[in-house]
Amino acid sequence: MIDLLPTDRPALFLAPMQDVTNLSFLEVLHRYGDADIYVTEYFRVHSDSRPDPWILRSIDENPTGRPIFAQMIGQDIDALIRTAGELAVHPIAGIDLNLGCPAPVVCRKEAGGGLLRNLPKVDRILGSLRDAIPGRFTVKTRVGYHSHEEFDELLALFARHAIDALAIHGRTVVERYQTPVHTDCVRQAVETLKCPVIANGNVVDVETGRAYHARTGCAGLMIGRGAIRNPWLFEQLRSAFLGKPPHPPTGRELLGYIDSLYQTIASHTPHFDPKLHVQQMKKTMVFVTQGHDPDFEFQLRRCKSQEEFYDICRTFLDHNDPVPSLPSENSRLFCGFSELTRQT
C-alpha cells in the first residue's frame, strides 16, 4: 500500500458513497483536481449476488487514471471470498471491506457498521479475506457501534490481521454524521497499527483537513460529502500541504461544476427524462448548496424543470465572487467540523 501513497504529503482519498461515487462522478471530479486514490460505492455481497455491472463500469472505464479499490459490504464469508475473486479480474488496486455504513437497513442485516456489534464475526471475516486475497486488502470502519469506548477492542482485532490500510470514519455507527469526530481514536490507531491509517469524516475545507492530519498524524485523508460540495478540495489540500496557496473557486466556477455534473450524469443515464433528472440532481445539490444563501436550496427543492433548475443556479451563482468555503455548521449533512480546528 505504501507504494500508492505520496511521499511528500498525506494521501487524498475519495470516500465511497452509495449512488454518488460512480463513473459519472469520477469523470467530473477528474476535471477538478482528482483524488489520489478512489474507492467504489459498495458491492452488495450475499449468497446469490454477483458484482453489479453499473459499479463495475467505474472500475473498467475508470476515467481518472488513478488507483481504484473495489469495496464490498456483507457478512457471508463464502460469498465475500467468492466476490473478492470475481472483482480481482478487473483493474483494481485492491479490495476494501465496509465496516462503517450506518444505514439502518444495512445494520439490520449485520453488514457494514452493523458488524461492529459482532466482533468475533468480524475477526473471522478479516482472517478469511486476508487468506483469500493475494493483493491489497483494506478496511473502512467506524470507531465503534454504540460508543467510541469500544475502539480499544476493535483496534486490537485489526492489529491481529495483516490488512494493508485502515480508513477510520471517526464517529460511531449510532453517531452517524451528527457529532465531531473522535480524533483521539484515529491517533491511537496511527500509533498502534503497522499499516497506514486514513482519517475520514468532517473534512470540509483546507483548514479542517490540515487540522485532522495534525491531530492524528494520519497517512491520508478520505473525503466524501465535502468533495461533493467542493470538487476543488483535493487540489486545494494538495496545494496547501505543499506550501502553495489554494485556489478559491468563484460562483461562476461552481456554476460550471454543476453544469458538468448535470450533463455528465445525463450522458450516462439510459432513457433520459429531463424531469426525472432534475429530481435526481436535487439529491446532489443539497450538498452543494450548504453554506450558501438558504433560499438557494429552498428554491431548488421546489423546481421541476431543467429551465427552472438552471435559472435558480444562475440567480445565486452567476458572479465572480469566491463561494463560501464552509458549509453550514450543525446541519443534517455537515455537523461538528469546527471542533477539528478548535482542537489544534
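The values are calculated or read from the model by the stated rules, or taken from the named source; none is laboratory data. Values in this document were obtained by computation on a predicted structure and should not be read as measured data. Positions of Cβ are backbone-derived with ideal geometry, glycine not excepted, and every protein chain shown enters the neighbour counts. Areas reflect the complete protein model, heavy atoms only, side chains present, ligands, DNA and RNA absent. Shrake-Rupley method; radii C 1.70, N 1.55, O 1.52, S 1.80 Å.
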Å² of accessible area per residue within the chain, as computed with a 1.4 Å probe and no ligands counted: 42 Å²
Chain lengthening between A266 and K304 when straightened (0.36 nm per residue, less Cα-Cα): 12.1 nm
Accessible-area ranking of V89, V181, largest first, probe 1.4 Å: V89, V181
The stretch 77-139, dipole about Cα centre (Lys/Arg Cβ +1, Asp/Glu Cβ -1), debye to the nearest 20: 180 debye
√(5λ) per eigenvalue of the Cα gyration tensor, the chain, largest first, Å: 32, 23, 19
Of all accessible heavy-atom area on the stretch 175-285, the percent that carbon and sulfur account for (1.4 Å): 54 percent
Length added when fully stretched, D19-D78, from 0.36 nm per residue minus Cα-Cα: 18.6 nm
Potential extension, H247-R314 segment - 0.36 nm per residue separation minus Cα distance: 22.0 nm
Cα shape, the stretch 195-244, gyration tensor, a/c 1.5 rule: oblate
Built amide H within the under 5 Å cut-off of G94, gap 5+: A70
Kirkwood Rh in Å, taken over the stretch 4-89 so that all alpha-carbon pairs contribute: 13.6 Å
Trypsin sites (Lys or Arg not before Pro) restricted to the stretch 258-342 and DSSP loop, no more than 15 other C-beta within 10 Å: K304, R332
For the stretch 214-344, projected area of the alpha-carbon convex hull averaged over all directions, nm²: 9.3 nm²
Nitroxide proxy distance, nm - points 7 Å out along Cα→Cβ at D8 and A132: 4.1 nm
Modelled FRET efficiency - R0 35 Å, Q178 with D321, Cβ distances, 0.05 increments: 0.65
Candidates A11, A93, A132: whichever shows maximal mean-square fluctuation once the chain is modelled as a Gaussian network with Cα springs under 10 Å: A132
Portion, in percent, of the accessible area of the stretch 1-40 that falls on carbon or sulfur, probe 1.4 Å: 49 percent
Computed over the chain: relative contact order in percent, which uses C-alpha pairs under 8 Å that are six or more apart: 16 percent
V89/R57 FRET efficiency (R0 22 Å; Cβ-Cβ; nearest 0.05): 0.90
